[in-house]
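The values are calculated or read from the model by the stated rules, or taken from the named source; none is laboratory data. Keep in mind it's a predicted model, so treat the numbers as computed, not measured. Positions of Cβ are generated from backbone atoms using ideal geometry, with glycine treated the same way; all protein chains shown enter the neighbour counts. Calculation scope for accessible area: heavy atoms of the full protein, side chains included, ligands and nucleic acids excluded. Shrake-Rupley method; radii C 1.70, N 1.55, O 1.52, S 1.80 Å.
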Amino acid sequence: IRKDFRLTITSIDDGSIRRIELPKSKSLLKINEKKEINEVNVKELEPNNLIVLIQGDERKSFVDYIAKRTGIDEEIDLYHIKNWKDKLNEFMEKENLNDEDMYGLYKKYGGHTITNRFEQWRDSVQNIAPLKKEDLIILGEIIRYEYLIENIDNLFRDITKLRTSHRLIGREITKIIKDKLSGKITELTFDEFDLSNQFEIFKIEKIEKN
């Protein structure tokens, strides 16, 4: 996998410095001004941003973590839920299309979404797929992903489960991060403390393009 960005990061727990390399398609959990987590593409990150790595490992997938943590990893077709995004990125790269081009094509096929969501659809777990099944079918037709079209009912049901799990875990993690940054880690319950050990907070010192 091509590594497009090199980040120098510092752990807020022990001050250790690390360097990680990431592809341009990678999304990370960023802590915003309200101490809430948002998933953003690595291209959107800047020095001094705070990011969260699952178990301190930039290779860990948030969507995999959510599914495993909530116990739905064996119930849903996680491979194809994630794979449709890979297929979308591959199609756009092959056809040399940017987000605006893709949105125009999507609207031409009858897409319903008013706002261009392709940047989020390509990268983000928070926008794992369009809200409407019909829009996901349209995208499947555009990128010629037959498995998605043929199994749309089951896949969309699984996507809905994943969205619900994401909201639940997202609220838990946001509370824990706020407590960590406020020095209230001793006030966490046992389950919250266990969850807090799954996440490490880093400050970005430098971002370089490879």
Meets criteria (closer than 24 Å to residue 171 by Cα and open to solvent by 70 Å² or more (accessible area, probe 1.4 Å)) for residue 39: no
Looking at 179, 191, can you tell me which residue is free of Cβ contacts under 8 Å to residues at least 60 places away in the same chain and open to solvent by less than 40 Å² (accessible area, probe 1.4 Å)? 179
Touching a Pro at 6+ places or on another chain (Cβ under 8 Å) and either assigned to a loop (DSSP other than H, G, I, E, B) or closer than 22 Å to residue 166 by Cα (or both): is that true of residue 3 in this structure? yes
Which number in (1) over 29 Å from residue 99 (Cα atoms); (2) open to solvent by 30 Å² or more (accessible area, probe 1.4 Å); (3) part of a loop (DSSP other than H, G, I, E, B) marks the one condition that residue 56 misses? (2)
Those residues of the range 91-136 which are closer than 19 Å to residue 162 by Cα, at pLDDT 90 or above and of a type in the set (Asp, Glu) amount to 134, 135
Among (1) buried (at least 19 other Cβ atoms within 10 Å of the Cβ); (2) part of a helix (DSSP H, G or I), the one test that residue 129 misses: (2)
Please give the number of the condition residue 87 fails out of (1) in a loop (DSSP other than H, G, I, E, B); (2) modelled with pLDDT of 90 or more. (1)
Only one of 22, 45 is touching a helix residue (DSSP H, G or I) at 6+ places or on another chain (Cβ under 8 Å) and open to solvent by less than 50 Å² (accessible area, probe 1.4 Å); which? 22
Since residue 113 meets every condition but one in (1) within 16 Å of the chain's Cα centre (by Cα); (2) closer than 19 Å to residue 135 by Cβ; (3) of a type in the set (Ser, Thr, Tyr), which condition does it not meet? (1)
Write out, first by first residue and then by second, each pair whose Cβ atoms fall under 8 Å of each other, whose residues are 6+ apart or on separate chains, and whose first residue, in the range 94-123, is open to solvent by 50 Å² or more (accessible area, probe 1.4 Å) while the second is among the polar types (S, T, N, Q). 100/116; 117/127; 119/41; 120/126; 120/127
Which one is most open to solvent (accessible area, probe 1.4 Å) among residues in the range 132-146 that are part of a loop (DSSP other than H, G, I, E, B) and closer than 17 Å to residue 89 by Cβ? 144
